[in-house]
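The structure under discussion appears below in the form of structure tokens.
The values are calculated or read from the model by the stated rules, or taken from the named source; none is laboratory data. In this text the structure is predicted, and so the values were computed from the model without any measurement. Note that we place each Cβ from the backbone using ideal geometry, even for glycine, and neighbour counts take in every protein chain shown.
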Amino acid sequence: MSRIGKQPITVPSGVQVSVQNGEFKVKGPKGELTVPFNSELTVAVDGSTINVTRPTDQPRHRALHGLTRTLVANAVKGVSEGYTINMELKGVGYRAKLAGKNIELTIGYSHPVVMEPPAGITFAVPEPTKLSITGIDKQLVGQTAANLRKVRKPDVYHGKGVRYAGEQIALKAGKAGATGGKGKK
């Protein structure tokens, strides 16, 4: 049995779930999500618990078992609590600000970079060098954060750029560091 797949999922109060035609639908205080799953697997709702079972021990079914359970659990958590990823801007003059729903980044280019949030995602800027991405779909929140980081990846020589909060960048030594800080004699 899959260690992840066999664990039951508890449904918090205020969350409604339904399963039909290979789709798991969940509705909660933050919104609603639909998770498609392989029709060979069984997703059973028993009161306030959800169980995912597989028909055989074939490698394909074993792989889908844990995946499906995790996707269903993420959807249940998303509509009840939501997901947030915090990011930081490091660099002289690097800052972010909200322009309506969009986020405007000043990150060392000759022009400000404006990013529009996908449907279901909201940006917040508590400080000019910190921002957060919030939504109910874990995959979409993570992909939006990755796209934001891709605009200006952290520089490996100076550490400047857009990074996840708390992310440590392994800095490389520059040319001077490679030769011990002195030029050729």
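Out of curiosity, is residue 171 in contact (Cβ under 8 Å) with a residue 12 or more places away in the chain, aliphatic (A, V, I, L, M), under 19 Å from residue 94 (Cβ atoms) and in a helix (DSSP H, G or I)? Give the steps one after another, and end with the answer.
Numbers: in contact (Cβ under 8 Å) with a residue 12 or more places away in the chain: yes; aliphatic (A, V, I, L, M): yes; under 19 Å from residue 94 (Cβ atoms): yes; in a helix (DSSP H, G or I): no.
No.
Quick check on my filter: what residues within the stretch 108-121 are in contact with a Gly (Cβ under 7 Å, 6 or more places away or on another chain), free of Cβ contacts under 8 Å to residues at least 60 places away in the same chain and closer than 23 Å to residue 142 by Cα?
Correct list: 121 only.
One line per residue, one yes/no per condition, for (1) over 22 Å from the mean Cα position of the chain (by Cα); (2) closer than 30 Å to residue 121 by Cα; (3) in the same structural domain as residue 120 (by TED's automatic domain parsing); (4) small (Gly, Ala, Ser):
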{"position": "22", "(1), (2), (3), (4)": "yes, yes, no, yes"}
{"position": "26", "(1), (2), (3), (4)": "no, yes, no, no"}
{"position": "31", "(1), (2), (3), (4)": "no, yes, no, yes"}
{"position": "36", "(1), (2), (3), (4)": "no, yes, no, no"}
{"position": "43", "(1), (2), (3), (4)": "yes, yes, no, no"}
{"position": "66", "(1), (2), (3), (4)": "no, yes, no, yes"}
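Checked against the criterion of being among the hydrophobic types (A, V, I, L, M, F, W, C) and either closer than 17 Å to residue 3 by Cα or out of contact with any Lys or Arg (no Cβ under 8 Å at 6 or more places or on another chain) (or both), the candidates 67, 89, 105 yield just one match: 67.
State yes or no: is residue 169 at pLDDT 95 or above, closer than 30 Å to residue 70 by Cα and of a type in the set (A, V, I, L, M, F, W, C)? Judged against the criteria, residue 169 is not a match. Taken together, 163, 149 contain a single residue that is assigned to a strand (DSSP E or B) and in contact (Cβ under 8 Å) with a residue 60 or more places away in the chain, which is 163.
For (1) at pLDDT 95 or above; (2) surrounded by 12 or more Cβ atoms within 10 Å (Cβ to Cβ), each residue gets a yes or a no:
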site: 89; (1), (2): yes, yes
site: 105; (1), (2): yes, yes
site: 114; (1), (2): yes, no
site: 122; (1), (2): yes, yes
site: 130; (1), (2): yes, yes
site: 141; (1), (2): yes, yes
site: 158; (1), (2): no, yes
site: 179; (1), (2): no, no
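Please work out if residue 69 is outside any strand (DSSP E or B), free of Cβ contacts under 8 Å to residues at least 24 places away in the same chain and either out of contact with any helix residue (DSSP H, G or I) (no Cβ under 9 Å at 6 or more places or on another chain) or more than 21 Å from residue 143 (Cα to Cα) (or both). So residue 69 fails the test.
Looking only at residues in the stretch 106-124 that are over 11 Å from residue 86 (Cβ atoms) and of a type in the set (A, V, I, L, M, F, W, C), which one is nearest to the chain's Cα centre (by Cα)? So that I can check it myself, show each step before the final result.
Step one: list which residues in the stretch 106-124 are over 11 Å from residue 86 (Cβ atoms), which gives 106-123.
After this cut, where a residue has to be of a type in the set (A, V, I, L, M, F, W, C) as well, the list is 107, 113-115, 119, 121, 123.
Details: 107: 22, 113: 21, 114: 20, 115: 17, 119: 15, 121: 11, 123: 13 Å.
In this case the residue turns out to be 121.
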